[in-house]
Amino acid sequence: MFENLSERLSGVFDRLTKQGALSEDDVRTAMREVRVALLEADVSLPVARDFIKAVEKKATGAAVTKSVTPGQQVIKIVHDELVHVLSGDEDPGRLKIDNPPAPVLMVGLQGGGKTTTTAKIAKRLKEREGKKVLMASLDVNRPAAMEQLAILGTQIGVDTLPIVKGEDPVAIAKRAKTQASLGGYDVYLLDTAGRLSIDDELMAQVAAVRDVANPRETLLVVDGLTGQDAVTTAENFDARIGITGVVLTRMDGDGRGGAALSMRAITGKPIRFVGLGEKMDALETFEPARIAGRILG
Ligand code: GDP
């Protein structure tokens, strides 16, 4: 992830660090290049603009430009600003799932990686936190998706709610709740249906499930490769359903990474995890300092 952005920024910073003292013009020129690099990475315009403004303000002071290592100092300011723009939740990987059984609603568009991520999170909760986890697929229009969750459940050793033909999503959510209570589960993950694009019917269905499930967490799973579209999808889901966090998938791909940088600033919602591959272990907690380090190479 971020390969192109990283490359562009390291070019800019190489030039800066090779210079001795910096003039305010040098900083301004560098920041113009950083701004272009951010926009090319599909960071949204207002976020890129605010970012540059904040860095410029801190970097043009005499203490920086006249220091012994002005280039390094500018890089540090950019790093800190990246951490700032990426930061959301203090402990993004810890889901708020006290008081068992805790419902967690998984929402998103079809193909975004929702089912895969549901299983990845289940595995993580089981292995790292020792939770007893139940998963249920609510995607009644796509029997293959329901099967897929059951197969993943077997693979990772996590129970799935038995499939009952003809049941609607709200009924499945209710049955999952009963099963989770009776079976002594700590948490149950509801994998809702996705569509190719946002439509009213889908939103109404997910909202109805939300109303009966009363989820402790509602995680939106979006394809990180889709850049600003991912951010728009998050805004839509948040307005209609209310989300508590975002999982950005396919961050192992050569996406431009802009979604990660814009998400918090535009939606106000934290990124909690990133998906880094198809395997069940390919999920990482979203840690701003580590991500900023990767961006700066
Ligand atoms: P859903 O329709 O949203 O439930 O999407 P799926 O979970 O079925 O995922 C669609 C495809 O994306 C599958 O082939 C997954 O293996 C793949 N996928 C999911 N997450 C990731 C990821 O983080 N990286 C990569 N490379 N592939 C992923």
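Some notes on this structure:
- Qualifying residue in segment 218-233 (condition: in contact with a Pro (Cβ under 6 Å, 6 or more places away or on another chain) and either within 13 Å of the ligand (Cβ to nearest atom) or open to solvent by less than 50 Å² (accessible area, probe 1.4 Å) (or both)): no
- Check on A282, open to solvent by 10 Å² or more (accessible area, probe 1.4 Å) and within 16 Å of the ligand (Cβ to nearest atom): yes
- Test set (1) farther than 22 Å from I241 by Cα; (2) modelled with pLDDT of 95 or more - P143 fails condition number: (2)
- Residues of segment 99-113 that are over 12 Å from the mean Cα position of the chain (by Cα) and either more than 9 Å from the ligand (Cβ to nearest atom) or open to solvent by 10 Å² or more (accessible area, probe 1.4 Å) (or both): N99, P100, P101, A102, P103, V104, L105, V107, L109, Q110, G111.
- Unique residue being open to solvent by 50 Å² or more (accessible area, probe 1.4 Å), out of contact with any Ser or Thr (no Cβ under 9 Å at 6 or more places or on another chain), over 22 Å from D223 (Cα atoms) and assigned to a helix (DSSP H, G or I) when the list is K177, K165: K177
- The residue that is nearest to the ligand (Cβ to nearest atom), counting only those in segment 125-162 that are open to solvent by less than 40 Å² (accessible area, probe 1.4 Å) and either assigned to a helix (DSSP H, G or I) or at positive phi (or both), is A145.
- Residue within segment 197-216 that is in contact with a strand residue (DSSP E or B) (Cβ under 9 Å, 6 or more places away or on another chain), outside any helix (DSSP H, G or I) and within 30 Å of N4 (Cβ to Cβ) present: no
- Criterion: more than 13 Å from the ligand (Cβ to nearest atom) and either without any contact (Cβ under 8 Å) to a residue 12 or more places away in the chain or surrounded by fewer than 17 Cβ atoms within 10 Å (Cβ to Cβ) (or both) - qualifying residue of I198, I172, I243: I198
- Among the residues of segment 265-290, those identified as out of contact with any strand residue (DSSP E or B) (no Cβ under 7 Å at 6 or more places or on another chain) and either in a loop (DSSP other than H, G, I, E, B) or closer than 17 Å to G245 by Cα (or both) are A265, I266, T267, G268, G277, E278, K279, M280, D281, E287, P288.
- Evaluation of T116 against the conditions (1) within 30 Å of A292 (Cβ to Cβ); (2) outside any loop (DSSP other than H, G, I, E, B); (3) away from the ligand (no atom under 16 Å from the Cβ) shows that the sole unmet condition is (3).
- Residue match in segment 206-217 (condition: open to solvent by 60 Å² or more (accessible area, probe 1.4 Å), free of Cβ contacts under 8 Å to residues at least 12 places away in the same chain, out of contact with any Phe, Trp or Tyr (no Cβ under 9 Å at 6 or more places or on another chain) and more than 15 Å from Q110 (Cβ to Cβ)): yes
- Selection status of G293, more than 16 Å from the ligand (Cβ to nearest atom) and in a helix (DSSP H, G or I): yes
The values are calculated or read from the model by the stated rules, or taken from the named source; none is laboratory data. Predicted model only: the values in this text are computed from it and were never measured. For neighbour counting, all protein chains shown are included, and Cβ atoms are generated from backbone atoms with ideal geometry for every residue, glycine included. For accessibility, only protein heavy atoms count, side chains too; no ligands or nucleic acids. Shrake-Rupley method; radii C 1.70, N 1.55, O 1.52, S 1.80 Å.
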